[in-house]
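Enquirer: First the structure, which I've put down as structure tokens, then a few questions once you've had a look.
The values are calculated or read from the model by the stated rules, or taken from the named source; none is laboratory data. Keep in mind it's a predicted model, so treat the numbers as computed, not measured. Using ideal geometry, Cβ is built from the backbone for each residue, glycine included, and neighbour counts are taken over all protein chains shown. Only protein heavy atoms, including side chains, enter the accessible area calculation; ligands, DNA and RNA are left aside. Shrake-Rupley method; radii C 1.70, N 1.55, O 1.52, S 1.80 Å.
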Amino acid sequence: MTKFGAAAAALLLYGAAMVQSIYPEDHWTYSKELTTDNFKQIILDEIDAGRTMFVVGLPVPAEDDDASKLPHGTKLCGDFQGNNDVSFGDVNLAEQPIRENYSPGAGGWPTVRYFNKETGLDGAPYDKKTDKAMCDELGDMEYMAAYIEEAGKTSLCALDGSGCSDKQKAYIAKMKERGSDEQQKQLTRLENMKESSMTQDLLAWLKQRKKILQQLLDAGDDEKVEL
């Protein structure tokens, strides 16, 4: 399993306790601790910076310091360090009753919401794809990876090469030279390929290329709008 896969499998479960002592020492270097006092300002700062902020909240009693509730999904936020498209925050709703214009816990725990220029301070909820419990669905690496990358309009592998393998970097450089018409042509070709007949390695490389191509096309569209 890749470092992204292993971490993505538990991204939202990392907020299962807000007791400072059970977090990894570097946890708060890549996740912001949200309170009733700083919630609005931090969200606004992230929105102004052009980022999508993912906020995880659970109703965790202060005396609940069971470290077993804190899986290794904390690492995913660390993997996104340096990615300017997204950021992360935690809130213990048992101690910080943030209500705003939404009801924490609606749709099942953990409470998951993202905030960006499109959503404003109201934020937007995770749109469940199955009938599983929230924690079970987002414990699936495919759903979790898709959620962060889709809602955040980003990828762990960014166009500037951060978070990318050498193979991905080479593909980015090659496709940048091809132009938008060829990028769209290649994306269409990959989307039409039958995934069922592929090995796991080939399927992973297919998905990586599609994400890179979509980022290139989105970047080209943004440049056209600015012009």
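Enquirer: List, in order, the whole-Hz ³J(HN,Hα) value for each residue of segment 50-55 obtained from phi through the Karplus relation with A = 6.51, B = -1.76, C = 1.60 and θ = phi - 60°; use x for Gly and Pro.
Expert: Once rounded to whole Hz, the list reads x, 9, 9, 9, 9, 10.
Enquirer: Same structure again: Set the Förster distance to 22 Å, then compute FRET efficiency between CYS135 and TRP28 from the Cβ-Cβ distance, nearest 0.05.
Expert: It comes out at approximately 0.45.
Enquirer: Quick check: with the 1.4 Å probe, what order do THR188, THR52 take by accessible area, largest first?
Expert: Reading off the accessible areas and sorting them downward yields THR188, THR52.
Enquirer: Oh, and also: Given LYS128/LYS167; LYS40/LYS167; LYS40/LYS207; LYS40/LYS132; LYS129/LYS174; LYS153/LYS176, which pairs have Cα atoms separated by over 29 Å?
Expert: LYS128/LYS167; LYS40/LYS167; LYS40/LYS207; LYS40/LYS132; LYS129/LYS174
Enquirer: Using a 7 Å offset from the Cα along the Cα-to-Cβ direction at both ASN38 and LYS174, what is the distance between the two label points in nm, to one decimal?
Expert: The modelled label-to-label distance comes out at 4.5 nm.
Enquirer: Would you work out what percent of the accessible area of segment 113-227, with all protein chains in place, is carbon or sulfur (probe 1.4 Å)?
Expert: 48
Enquirer: Starting at the first residue of segment 156-170, write each ³J(HN,Hα) from the Karplus equation 6.51 cos²θ - 1.76 cosθ + 1.60 with θ = phi - 60°, in whole Hz, x for Gly and Pro.
Expert: 4, 9, 8, 5, 7, x, 5, x, 9, 7, 4, 5, 5, 4, 5
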